[in-house]
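Working notes, structure below.
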Amino acid sequence: MSETQGKPIQCTAAVAYAAGEPLRIEKVTVDPPKAHEVRIKIVNSAICHTDAYTLSGSDPEGLFPCILGHEGSGIVESVGEGVTNVKPGDHVVPLYTAECQQCKFCVSGKTNLCGAVRATQGKGVMPDGTSRFRNGKGETLYHFMGCSTFSEYTVVADVSVVAVDQQAPLETVCLLGCGVTTGYGAAVKTADVQEGDTVAVFGAGTVGLSVVQGAKARNASRIIVVDINDAKREWASKFGATDFINPKTDLKEGETIVARLIEMTDGGLDHTFDCTGNTKVMRDALEACHKGWGQSIIIGVAAAGQEISTRPFQLVTGRVWKGSAFGGIKGRSEMGGLVRDYLNGTLKVQEFVTHKRPFEEINSGFEDLHHGDCLRTVLSL
Ligand SMILES: NC(=O)c1ccc[n+]([C@@H]2O[C@H](COP(=O)([O-])OP(=O)(O)OC[C@H]3O[C@@H](n4cnc5c(N)ncnc54)[C@H](O)[C@@H]3O)[C@@H](O)[C@H]2O)c1
Ligand SMILES: [Zn+2]
Ligand SMILES: [Zn+2]
């Protein structure tokens, strides 16, 4: 039993007080876990675009003050009453997509979305409606995406955490908490790419490049990456893309990216993926699909208020539009398989860590996201 069990812990966290302001590194108090809750000592956390999106104020549901971060890894410090899936000392990854294994969604066999903690998670609190975080003045701080990994200690619901093989380095396994799993799962689960299929991936960030590795694992015959940043050309080929197109420089006069892709693939692609969050790109991705069966998967998160559009005829003639959250992966039952693939060398994870920083440099880590050479910045807490 740890000395801290059952007691509040004072530790350092990066607190988001208001949209558009830098995070403040300060002492916070993290209350002990209640029933069906787990307190985790966070060891590493990466910074994902969704953290930046909420911090920027673009997220209409963003709540402040809060502790952001949802791509983390750590060690269980203590557990509340009734927790059976993890124990103190376990290496774990927090899950922003919970898996209770009991709700209508979980038992449907049709989706990885889970209804168990959705309502309270969206309100920035634990399932009992309260927060486990306070700042030095005693003010309540909100949780974020059920994870809040930008804190030396955090508390999550037991349905929102999975134990992972201790051989997997925490410094890299944190990326399975969002970006890598999202892209890889979108290819192998949501789209279920088959051997010989053709694939186009729009946007070669961590998510898009992970779609590429999923398509490659399935032996897709052609994997075309589309990105407006030429620096992504090399990354794309490293992860298994067969072609790269920069629509800003590689198209002929008057040629559209849709026309080019249709020409390259004899009528269109079997699967396309939007990993940009740009709704115009989403339309192109749909329209580049093959008539009769091509399917386009939306992964990117669009800015508030944006809507997608296309001519209904595109769907009437057999193209399919789908979305994917966390790659369709059920965190508690399927994370073990991804960690195994990582450890046996079939899933690249380490390769996405382009930057490493101490926790105190978290605000510079957010700056890294704006640079074309950054896939992921991993913070050490
Ligand atoms: N659905 C989910 O569960 C989920 C999970 C994680 C992230 N996301 C979202 O997925 C998206 C990608 O995340 P990421 O971390 O890989 O982001 P990223 O910013 O690292 O990558 C985006 C890439 O898209 C490229 N791009 C931008 N505009 C483009 C355009 N018009 N045409 C072609 N390429 C363009 C950029 O150059 C960049 O390489 C984001 O919108 C993120 O919020 C969704
Ligand atoms: Zn994320
Ligand atoms: Zn559930």
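The values are calculated or read from the model by the stated rules, or taken from the named source; none is laboratory data. Keep in mind that what you see is a predicted model, and the values were worked out from it rather than measured. Neighbour counts run over all protein chains shown; Cβ positions are idealised from the backbone, glycine included.
Taking the stretch 351-381 as the range and being of a type outside the set (Val, Ile, Thr), within 13 Å of ligand 1 (Cβ to nearest atom) and touching an Asp or Glu at 6+ places or on another chain (Cβ under 7 Å) as the test, the residues that pass are 355, 374. Could you tell me whether any residue of the stretch 210-217 is out of contact with any Pro (no Cβ under 6 Å at 6 or more places or on another chain), part of a helix (DSSP H, G or I), more than 16 Å from ligand 1 (Cβ to nearest atom) and of a type in the set (Gly, Ala, Ser)? Checked against the condition, which is being out of contact with any Pro (no Cβ under 6 Å at 6 or more places or on another chain), part of a helix (DSSP H, G or I), more than 16 Å from ligand 1 (Cβ to nearest atom) and of a type in the set (Gly, Ala, Ser), the stretch 210-217 yields at least one hit. Can you list residue pairs whose Cβ atoms sit under 7 Å apart, with the first residue in the stretch 91-108 being more than 21 Å from residue 70 (Cα to Cα) and at pLDDT 95 or above and the second being of a type in the set (A, V, I, L, M) and crowded, with 19+ Cβ neighbours inside 10 Å? Count only pairs 6 or more apart in sequence or on different chains. As it stands, the answer is 103/116, since those pairs meet every condition given. Identification of helices (runs of 4 or more DSSP H) wholly contained in the stretch 248-346 with 2 or more residues that are over 21 Å from residue 220 (Cβ atoms), within 16 Å of ligand 3 (Cβ to nearest atom) and not polar (S, T, N, Q) yields 331-343. Restricted to the stretch 98-121, and to residues there that are within 16 Å of ligand 1 (Cβ to nearest atom) and not in a loop (DSSP other than H, G, I, E, B), the residue that is surrounded by the most Cβ atoms within 10 Å (Cβ to Cβ) is 121.
Of the residues in the stretch 169-183, at least one is more than 16 Å from ligand 2 (Cβ to nearest atom), more than 16 Å from the chain's Cα centre (by Cα), in the same structural domain as residue 337 (by the TED database) and not in a helix (DSSP H, G or I). Put simply, of 368, 373 the only residue that is under 20 Å from the mean Cα position of the chain (by Cα) and buried (at least 17 other Cβ atoms within 10 Å of the Cβ) is 368. Yes or no: the stretch 181-190 includes at least one residue that is over 28 Å from residue 43 (Cβ atoms) and buried (at least 24 other Cβ atoms within 10 Å of the Cβ). Scanning the stretch 181-190, I find at least one residue that is over 28 Å from residue 43 (Cβ atoms) and buried (at least 24 other Cβ atoms within 10 Å of the Cβ), so the answer is yes.
Within the stretch 42-61, the set of residues being crowded, with 19+ Cβ neighbours inside 10 Å and over 17 Å from the mean Cα position of the chain (by Cα) comprises 42, 43.
Applying the set (1) polar (S, T, N, Q); (2) surrounded by 24 or more Cβ atoms within 10 Å (Cβ to Cβ); (3) not assigned by the TED database to the domain that holds residue 298 to residue 206 leaves exactly one unmet item: (3). The set of residues from the stretch 129-180 being crowded, with 24+ Cβ neighbours inside 10 Å and of a type outside the set (A, V, I, L, M, F, W, C) comprises 132, 143, 146, 148, 149, 151, 153, 154, 160, 177, 179.
A quick yes/no check of all residues on (1) modelled with pLDDT under 95; (2) within 16 Å of ligand 3 (Cβ to nearest atom); (3) in contact with a helix residue (DSSP H, G or I) (Cβ under 8 Å, 6 or more places away or on another chain):
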site	(1), (2), (3)
2	yes, no, no
17	no, no, no
23	no, no, yes
30	no, no, no
37	no, no, yes
62	yes, no, yes
115	no, yes, yes
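From the list 43, 83, which residue is among the β-branched types (Val, Ile, Thr), outside any loop (DSSP other than H, G, I, E, B) and over 22 Å from residue 135 (Cβ atoms)? Unique residue meeting the criteria: 43.
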